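Here's the structure we're looking at; comments come further down.
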Amino acid sequence: MPEGPRYDDDFFAWTQHQAAVLRSLPVADNRFDRENVAEEIEALGRSERDTVRSQVRRILEHLLKLEHSPAQAPRFGWMGSIVDARAALLDRITESLRQDLREVLPRLCRSARRRAELSLKQAHEPEAASALPSDCPYTLDQILDDDWLPEKTEGAK
């Protein structure tokens with residue numbers, strides 16, 4: 001059995017490990033395009049990582065709007081989007097991707113905040129847009145928890 005992460009356990013970690021192993025093998029046949037094959041394997045892993053990041057960004061945007069918007073009508077749509085994104089993450093999230101999310105969560109939250117701010121301004125809710133926190137108010141566990149949603153803030157009630 002090969003060393004390193006298993007394909008079925010952590011696809012992202014497997015792709016990165018396999019590309020590194022491929023690059024470390026001696027070149028015995030110049031017909032094999034080792035470097036480009038390794039790059040393609042890494043790219044598959046990065047695509048998976050980027051999909052996970054995108055879903056977390058989507059969850060963050062809608063959590064922020066749920067917490068800060070006084071509007072009633074779009075709330076169920078935002079909740080539905082959160083449910084869909086969490087379901088999409090269920091089959092993709094691995095320990096190495098959780099670690100990646102922990103590292104990039106502040107950046108993802110800033111991006112989600114900008115999207116939420118624009119959306120709230122477009123909905124003529126400038127007070128809600130200006131009340132959005134500058135730092136990420138949610139933990140990764142909250143973001144991924146199927147049963148967790150934030151309480152509305154005082155100004156959003």
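The values are calculated or read from the model by the stated rules, or taken from the named source; none is laboratory data. Quantities reported herein were computed from a predicted structural model and do not represent experimental measurements. Neighbour counts run over all protein chains shown; Cβ positions are idealised from the backbone, glycine included.
Within the range 26-46, the set of residues being under 22 Å from ARG92 (Cβ atoms) and of a type outside the set (A, V, I, L, M) comprises GLU39, GLU40, GLU42, GLY45, ARG46. Per this entry, PRO133 is counted among residues that are over 30 Å from LEU44 (Cβ atoms) and at pLDDT 95 or above. Scanning the range 55-86 for residues being touching a Lys or Arg at 6+ places or on another chain (Cβ under 6 Å) and modelled with pLDDT under 95 gives a total of 0. Residues in the range 6-20 that are surrounded by 14 or more Cβ atoms within 10 Å (Cβ to Cβ) and part of a helix (DSSP H, G or I): PHE11, PHE12, ALA13, TRP14, THR15, GLN16, HIS17, GLN18, ALA19. Name the residues in the range 104-135 that are touching a Ser or Thr at 6+ places or on another chain (Cβ under 8 Å) and touching a residue at least 60 places away in the same chain (Cβ under 8 Å), would you? ALA128, ALA131, listed by residue number.
Before we move on, is ARG102 loosely packed, with under 12 Cβ neighbours inside 10 Å, modelled with pLDDT of 95 or more and closer than 30 Å to ALA20 by Cβ? The answer is yes for ARG102.
Got at least one residue in the range 30-44 being closer than 22 Å to VAL104 by Cα, small (Gly, Ala, Ser) and surrounded by fewer than 15 Cβ atoms within 10 Å (Cβ to Cβ)? Within the range 30-44, one or more residues are closer than 22 Å to VAL104 by Cα, small (Gly, Ala, Ser) and surrounded by fewer than 15 Cβ atoms within 10 Å (Cβ to Cβ).
Every residue, every condition in (1) surrounded by 12 or more Cβ atoms within 10 Å (Cβ to Cβ); (2) in contact (Cβ under 8 Å) with a residue 40 or more places away in the chain; (3) among the acidic types (Asp, Glu), yes or no:
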site: ASP84; (1), (2), (3): yes, no, yes
site: LEU89; (1), (2), (3): yes, yes, no
site: SER96; (1), (2), (3): yes, yes, no
site: THR139; (1), (2), (3): yes, no, no
site: LEU149; (1), (2), (3): yes, yes, no
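Quick one: GLU3 ticks every box in (1) assigned to a helix (DSSP H, G or I); (2) charged (D, E, K, R); (3) over 22 Å from LEU144 (Cβ atoms) except a single one, so which number is it? Result: GLU3 fails condition (1) only. A search for C-beta distances below 9 Å between a residue of the range 26-47 that is modelled with pLDDT under 85 and any residue that is not in a loop (DSSP other than H, G, I, E, B), counting only pairs 6+ apart in sequence or on different chains, returns VAL27/ARG34. For the range 49-61, the set of residues classified as buried (at least 16 other Cβ atoms within 10 Å of the Cβ), touching a residue at least 40 places away in the same chain (Cβ under 8 Å) and either farther than 22 Å from SER134 by Cβ or not charged (D, E, K, R) (or both) consists of ARG49, VAL52, VAL56, ILE59, LEU60, listed by residue number.
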